[in-house]
Every structure is written in C-alpha cells, then in structure tokens.
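The values are calculated or read from the model by the stated rules, or taken from the named source; none is laboratory data. Bear in mind the structure is a predicted one, so any value in this text is a computation, not a measurement. Backbone-built Cβ (ideal geometry, glycine too); neighbour counts: all protein chains shown.
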Amino acid sequence: MDEKFSSSCNKDSGRQETGSGVNSGMPKKTKRNIRHLIAVGSGKGGVGKSTVSALLAVGLAKKGLKVGVLDADITGPSIPKLLGLREVPFSTDSGVVPPKTAWLGIRVMSINLMLDDPTKPVVWRGPLIGNVLRQFWEEVNWGDTEYLVIDLPPGTADAALTVMQTIDLDGLLVVTAPQGLSALVVKKMMHMAQMLDVPLLGLVENMGYVLCAECGAKWELFGPSHLKEISDKWNVPVLAEIPVDKEISILGDAGRLEHYVRDSVAENLAEALMARLPEEAKQKG
C-alpha cells in the first residue's frame, strides 16, 4: 500500500454520531475543483450498485466528459475489476495520481489497486476506513476531472457517513432492485441522505426484468417492481430501469464494461442524471 496513505492510517478519526445529530460538530464539506460530485448508493448489497456506478461513469465519458470514480467501498471494491484496471496509483508532489482506463480514460481510485494481492480482505474498523476515504478525497490528484462518481458501500454505516459529511455532493443516485426487501432497505439510505442534506437525484432499478428475445415482452423474474411506489412517495424521479442482461455480467467479469453498448443504457443514464443537475439543465435549455 502507498506510504502516502498508510502513514496516517492510525490517526484519530474523531467522533462518529448517529440519529438526528449526525451533522453536529462536523467540518465544512469540500468541493475542490471538480464540477460535479455524484454519490451512488443502495440500502443493501447485491443490487448491482457498483455496476451502475461504472455504467454511469462510462456514459458520462462517452459524452466527452472527463470522469473519475472514487471507489468508497473499501471492504468490497469492485470498480477496478469492472473497468479492467490493475495499475497502481503513484505519488507525485501534487498528490497521488490514479490510473486511467484504456479506452475512455476514466480515472479510478480504489483500495484494491493498492493491495499486493487483490483477493486479500481489508479487515479494518470504521475509523480507519473513514481516514482512508478522506485521503482518497483530499490527497488524490483528480486532475481535470469534471464528474466524480463515488461508489458507496451498501448500507448506512461509517463509510457512507464519512463521504456524505466530508464531500459537498451534488446529490445521491439510489440503486434498488425489484424485491420487496431491497425496496424496504433502500428507504434507509434515502432517509440518511435527507438527514445529511444530500439531494436525492434519482432512482435506478437494476435487474428489474428480462426481455423476451422472441416477442420483446418483459418478464419480471423477481416479482413486481416497487419503483413507482418509492418514486411517488419520495418525489424522486426514476432515471433508469436496467434489465437482467448477461452481456453486462460477461463484460464486467472480463473488465470490459466500457464496451457495453446495448440500448445505450450507459448513455441514457448519464443523460438523465445530467438533466437533474441545475447547471447542466440550464446549459441544455
């Protein structure tokens, strides 16, 4: 692991709070010189949140934007695998420089890029994870990045809390799946965003259906969707409904998710997200 990060791993992380006092005594959130900061989160694991984060980054990059991904899922990092990155970040006088993907030049910072063996677990307590995340944000040289996608770990624990309290996010993109349990737990993430004054940019339902190759009908493998119910209750728009598609799995396993093109899923997601950002909507209008 890079000494620049490991040297301050054991610093005191400060007080961690829950409930209505989560913002008490916290430092001012920072923006740096990156135009838009988008967090992607989910209430539970297994809904394809990291895949959605990667697809969003790909869609934005295909629009000619300079894009980075901060992999905040310290104990379960997936972004390097999905985007085919193995290069190690390196230190310079201006900060740690993250590697770029081969095709679209997406910058990626992930703990897995700093491990000697990417299969080794990161067995850290919350305060240490929080310190490393702050270093990923403050000490990484993101260069001319215009959009930074932050792939949160599932749930509402320390890592997500650190990101939302440290970074001046444009908002949160919430990923869910059609199962009732996923719909229930995702509301916890949405409540957390409200408590921390993080705008809810939109909902993405992943693995909601399979398209019949013969007739084009939608088969709801995991039961009826709860997406409209969540959208209506929270007044948050649906930005994308992504089907079960083996091509996503095949390309992700091969580290080639940049090359997923079916139905312009990545580009359409990026377009819908950009329309939710006041500055981008104004420019488009």
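Considering only residues of segment 137-160 that are assigned to a helix (DSSP H, G or I) and touching a helix residue (DSSP H, G or I) at 6+ places or on another chain (Cβ under 8 Å), which is farthest from LYS66 (Cα to Cα)? That would be ASP158. Among residues of segment 96-118 that are more than 18 Å from ARG134 (Cβ to Cβ), those with a beta-carbon under 7 Å from a residue that is among the polar types (S, T, N, Q) and in a helix (DSSP H, G or I) at least six positions away or on a different chain give the pairs PRO118/ASN112. Looking only at residues in segment 175-185 that are out of contact with any helix residue (DSSP H, G or I) (no Cβ under 6 Å at 6 or more places or on another chain) and buried (at least 21 other Cβ atoms within 10 Å of the Cβ), the one that is modelled with the lowest pLDDT is SER182.
So, GLU241, is that one in contact with a Gly (Cβ under 6 Å, 6 or more places away or on another chain) and either of a type in the set (D, E, K, R) or modelled with pLDDT under 85 (or both) or not? Yes.
Please indicate, with yes or no, whether at least one residue in segment 107-130 is part of a strand (DSSP E or B) and either more than 19 Å from ARG35 (Cα to Cα) or in contact with an Asp or Glu (Cβ under 9 Å, 6 or more places away or on another chain) (or both).
Yes, some residue in segment 107-130 is part of a strand (DSSP E or B) and either more than 19 Å from ARG35 (Cα to Cα) or in contact with an Asp or Glu (Cβ under 9 Å, 6 or more places away or on another chain) (or both).
Scanning segment 206-260 for residues that are basic (Lys, Arg) and closer than 27 Å to HIS191 by Cα yields LYS228, LYS233.
Applying the criterion of being surrounded by 11 or more Cβ atoms within 10 Å (Cβ to Cβ) and of a type in the set (S, T, N, Q) to the residues of segment 200-246, the residue that is nearest to SER53 (Cα to Cα) is ASN206.
Step by step: first the residues of segment 160-184, then only those that are in contact with a Ser or Thr (Cβ under 8 Å, 6 or more places away or on another chain) and of a type in the set (A, V, I, L, M), then the one that is farthest from GLU220 (Cα to Cα). Which residue is that? The selected residue is ILE167. Restricting attention to segment 144-155 and to residues that are out of contact with any Ser or Thr (no Cβ under 9 Å at 6 or more places or on another chain) and over 11 Å from MET109 (Cα atoms), the residue that is surrounded by the most Cβ atoms within 10 Å (Cβ to Cβ) turns out to be TYR147. All but one of (1) in contact with a strand residue (DSSP E or B) (Cβ under 6 Å, 6 or more places away or on another chain); (2) more than 30 Å from ASP168 (Cα to Cα); (3) in contact (Cβ under 8 Å) with a residue 60 or more places away in the chain hold for HIS259; state the number of the condition that does not hold. Just one mismatch for HIS259, condition (1). Can you name the number of the only condition in (1) within 27 Å of PRO243 (Cβ to Cβ); (2) touching a strand residue (DSSP E or B) at 6+ places or on another chain (Cβ under 9 Å); (3) assigned to a loop (DSSP other than H, G, I, E, B) that TRP103 fails? Only one criterion is unmet by TRP103, namely (2).
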